[in-house]
Amino acid sequence: MPVGLFALVAIGVHAGADLVDDRLLVLIDALDAWADGLLARAEVTAGWVDRVGPLQRTVIARLLALGWELSVDLLVVLPQLGYSEADQAEQRFSFRRETWRSLAARVNRTPTPARLVRPLVTAVFAGAGAYAVARLVESTLFVALQTDVAPPEVAEALARVFGGLAMALVLASHGWRAVLRALEHADAACEANARVGKSPWVVGLWGSVLSFPLAVALVLEAQNLLALVR
Amino acid sequence: MFRANSRGLFDFIAAALCLWAAAWHTPVGALVRGGVAKVVGRKGEGRPLLAYFSGGVYDAREVDVPVVPVLPEGLSPEVLAVVPPGVALGRGAFAVLQSQPAAVRATAAALGQRYDVSRLEAPDDVATLVSRAKADFVTDEGAVLALFAGPELARYAVARAQAEGRVPTLEVLSRQLPPGSAPFFSAASQALMFGTAYALSWPVSPSTRVTSAFGYRTHPTLKTQQLHTGVDLSVPEGTPVKVVADGVVKRASEDAVNGRVIIIDHGRGVTTAYCHNSRLLVTMGQVVSAGQIISESGNTGRSTGPHLHYQVELGRRPVDPFVFRGRKASASLPPLPALPALPAPSGDGAPAAAPRPSKALKAAFEAAGAAPAEADDATEVPP
């Protein structure tokens with residue numbers, strides 16, 4: 001289960017990073033044009049102009065996107081591996097009985113960036129991840145069925161049904177757990193900071209700052225989900 | 001907090017699906033797969049890590065593969081002919097089709113039968129097939145994908161892209177099919193890039209003298225060995241510069257090296273650049289159509305005389321603009337061993353020989369019916 005959660009959220013993060021890499025390229029191009037203009041002013045540095053070609057700029061933009069994605073994986077997705085379950089006996093005798101209600105109460109009382117942002121971005125990533133899973137299931141089934149097993153129309157219909165089922169299954173089994181686990185981890189980190197006298201407001205700030213734009217990019221592309229009902 | 005109830009079959013299936021998708025859809029998955037392949041001593045089969053961000057299309061890697069440059073029948077390889085976009089796309093697709101495995105060629109032949117094109121032995125046959133198939137596959141991209149992947153996969157990908165409310169560009173289509181379809185998209189991507197490049201006209205009079213060709217040369221002012229990423233066309237200041245195909249202005253700016261420069265994005269991974277202008281007549285983001293005057297040539301930036309530096313990029317890799325205009329094509333078709341578009345050091349460091357203008361050039365432009373530059377004939381201005 002923890003590995004499944006990690007995988008689900010990581011797919012969503014990649015979907016986000018894949019959306020922003022084009023924007024990064026535009027940024028790098030503009031930066032390069034500015035730097036070329038600057039370098040060209042002096043005879044000594046003029047030789048450096050155009051040293052970074054369009055191909056290198058593409059590689060740089062993609063490297064940045066990859067770095068961004070891996071950073072979010074490290075800071076936001078990795079804690080999903082800390083998911084653990086307790087059976088009823090363990091829960092009954094545990095020192096502190098945690099429920100989603102108690103977590104929500106603390107979010108309400110001390111709404112730190114981590115407590116607010118982490119579950120939110122994880123929900124978006126989990127949704128995007130589930131959609132990617134559904135699309136992979138659907139397309140793979142279609143390709144497998146349409147050759148010999150079934151006519152293309154039947155294969156497409158079957159593939160769509162199974163794709164939709166896969167998305168529902170993943171969200172029902174993993175989606176909510178991923179969100180709750182993100183909240184649990186953010187809450188634990190905030191509490192730990194508060195116990196040693198540090199401000200809980202700075203907990204996981206990098207993770208929140210890096211993951212939020214990716215989540216926004218995904219929300220802006222949410223029209224993809226219409227494909228589920230068309 | 002979580003109760004121990006996630007041990008059911010459905011949870012297991014969901015976790016397995018997530019892992020499967022992550023293994024194929026993320027660079028992290030690629031890293032893990034690569035690691036596992038190394039441990040078990042098997043050759044890794046994943047894409048390069050950075051290819052996970054391109055959608056696998058219009059990539060510079062696709063310009064590396066062998067391709068057969070195609071010439072229209074009856075034209076000398078010296079002729080710079082302009083062809084209408086549909087015919088050009090046929091040439092691009094035909095060129096790529098020659099380098100495909102037999103199974104893919106059989107798929108294309110089967111599609112041909114479906115659209116009453118019995119043989120795919122010439123670029124025009126492929127052009128006819130693509131234009132007929134476009135009615136069913138909505139865009140050129142869909143039709144070209146059908147040529148390489150088969151009609152069922154292409155139709156499915158187009159339908160799913162439309163269901164998402166998107167225009168079925170190749171990048172959008174590539175996200176609709178599983179990773180195993182990557183070779184089809186790579187071929188379609190190549191065909192569309194080359195097809196777009198074959199349709200480019202010339203920014204100034206076709207008979208304009210070329211004073212510095214594409215390739216490695218000793219830079220005239222820096223005196224260092226550098227790749228000359230375009231061609232220098234000798235024109236007097238104030239000569240109207242025409243855009244070589246429809247597109248969008250990606251950059252219209254000035255710097256001390258390129259002078260007043262315009263970069264046009266023609267889509268499908270093809271861009272053109274026009275440097276050292278004296279006056280820019282378009283602004284960034286503006287939509288331009290083939291033959292439109294976008295600037296007046298000049299001598300701005302790092303330049304030793306009035307000229308236009310014209311550059312073509314495929315998949316963001318600079319290529320020799322003449323490659324798709326016949327000059328370097330082989331007379332024997334098919335096949336050619338490799339794409340001659342890649343820069344090759346000239347060895348002695350001297351600039352490559354300047355191609356001579358052809359007398360038949362103007363006639364070829366006019367015969368093609370495309371939008372050629374005004375033929376003000378050979379302008380002999382020192383660079």
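Couple of notes before you dig in:
- Within 10 Å of the Cβ of each residue in B:137-149, the mean number of Cβ atoms contributed by other protein chains is 0.
- Interface B-A: total buried accessible area of about 5700 Å², 1.4 Å probe, protein heavy atoms only.
- For residue B:283 and residue B:20, a Förster radius of 56 Å and the Cβ-Cβ distance give a FRET efficiency of 0.70, rounded to the nearest 0.05.
- Peptide B:150-160 shows a mean partner chain C-beta count of 4 within 10 Å per residue C-beta.
- Sparse-neighbourhood loop sites, trypsin sites (Lys or Arg not before Pro) in the range B:188-227 - DSSP loop, at most 14 other Cβ within 10 angstrom: B:223
- For the range A:1-143, a simple Cβ point-charge model (Lys and Arg +1, Asp and Glu -1, everything else neutral) yields a dipole of about 840 debye relative to the Cα centre.
- Remark: mean inter-chain Cβ contacts per residue of A:138-146 equal 5, using a 10 Å Cβ-Cβ cutoff to other protein chain atoms.
- Per residue accessible area of the range B:188-262, 1.4 Å probe, in Å²: 27
- At R0 = 60 Å, FRET efficiency that the Cβ-Cβ distance of residue B:98 and residue B:223 yields, to 0.05: 0.90
- Helices assigned as whole DSSP H runs in chain A whose Cα atoms extend at least 30 Å along their own long axis and whose mean Kyte-Doolittle hydropathy is -1.0 or higher are found at A:2-39, A:113-145.
- Under 5 Å between amide hydrogens, built in the peptide plane, is the criterion, and for residue B:298 it picks out B:238, B:277, B:278, B:307 among residues at least 5 positions away or on other chains.
- Distant-in-sequence amide contacts of residue B:250, defined by a placed amide H-H separation under 5 Å and a gap of 5 or more residues or a different chain, comprise B:263, B:264, B:265, B:285.
- Here residue B:18 sits with roughly 0 square angstrom of accessible surface, probe radius 1.4 Å.
- Average accessible surface for the range A:30-178: 51 Å² per residue, computed with a 1.4 Å probe over protein heavy atoms with every protein chain in place.
- Three-way shape call for the range B:87-175 based on the alpha-carbon gyration tensor, with the a/c threshold at 1.5: prolate
The values are calculated or read from the model by the stated rules, or taken from the named source; none is laboratory data. Note that the structure is predicted; figures quoted are calculated from it, not measured. Positions of Cβ are generated from backbone atoms using ideal geometry, with glycine treated the same way; all protein chains shown enter the neighbour counts. Note: areas computed on protein heavy atoms with side chains; ligands, DNA, RNA excluded. Shrake-Rupley method; radii C 1.70, N 1.55, O 1.52, S 1.80 Å.
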